[in-house]
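The values are calculated or read from the model by the stated rules, or taken from the named source; none is laboratory data. Remember, it's a predicted structure, so these values are computed and weren't measured experimentally. Here the Cβ positions follow ideal geometry from the backbone for every residue, glycine too, while neighbour counts run over all protein chains shown.
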Amino acid sequence: MVTDLADPNNVAGKLPALPLNELLAAAWQQPPIATIPAGDPMVLNTNTGLPDLFKNLAYRLGTNQPAISNLGQADTRTYCINMLQGFLPRAVNVKASLQAQKSPDMFNQNLLGFLVNRHIAALQVLNCTGLVPVSVTGANALLAPVNDAYGRTFDMTVNLAAIPPIPPAQQTPTNPPVNPLTSQLGAIIAGSVVGGALLIGAIIVAVVIGFKYKRSSGGFSRS
């Protein structure tokens, strides 16, 4: 957290920021490193709702994340399993400490409840419940919140044995099919950019040659 440059008097105090998360991860995070998956709503095609390679690359470029050459390298199911493998065992180990801390919001009794519900929300947004699959409700839930009489979460039920193993790297992607128009459009745009650059280069060369020719032939005169 840092002081907001737009708040020189530090009225709001220090604030978190997405770039800070990425800088911290680049310096200290050990594998698995969470880079944006293909199924994240932030990088889905606006018109089709399907994974979009170019939108994913744009997000990665803006957040200093490594580039990918295909959506299989951003497999959403693998991301979901890494989430489960990373959060649940640690949450179980430090549960007492998390329960001793206050929740940042009023909808949970403690920090554990806050983190559990945030984790469940992330699983649902990424459709991990369908891709893994994993249940977050009912008697067979891998992870479920335990609420008080007012609906505030204070504990959790976890079935660590039900967490699936992490699939091998570059396994066949389990993302929804990619809109082929997106790839075609990307190729067209790339070709247009290259063609435009070549055309501009040719124009510059022609102007320079013409300029030198007029100078050498005495074509310039004062009016």
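Worth pointing out:
- Scanning segment 67-125 for residues that are of a type in the set (K, R) and over 19 Å from A162 (Cβ atoms) yields K102, R118.
- The one condition in (1) over 20 Å from V125 (Cα atoms); (2) modelled with pLDDT of 80 or more; (3) among the small types (G, A, S) that G13 fails to fulfil: (2)
- Residue match in segment 162-180 (condition: part of a helix (DSSP H, G or I) and modelled with pLDDT under 65): yes
- When T129, T153, T76 are screened for being under 26 Å from the mean Cα position of the chain (by Cα), at negative phi and free of Cβ contacts under 8 Å to residues at least 60 places away in the same chain, only T129 passes.
- Residue within segment 12-33 that is in a helix (DSSP H, G or I), charged (D, E, K, R), surrounded by fewer than 18 Cβ atoms within 10 Å (Cβ to Cβ) and not assigned by TED's automatic domain parsing to the domain that holds P133 present: yes
- Residue that is at pLDDT below 95, part of a helix (DSSP H, G or I) and either under 30 Å from P51 (Cα atoms) or outside the structural domain of I166 (by TED's automatic domain parsing) (or both), where the choices are N117, N82: N82
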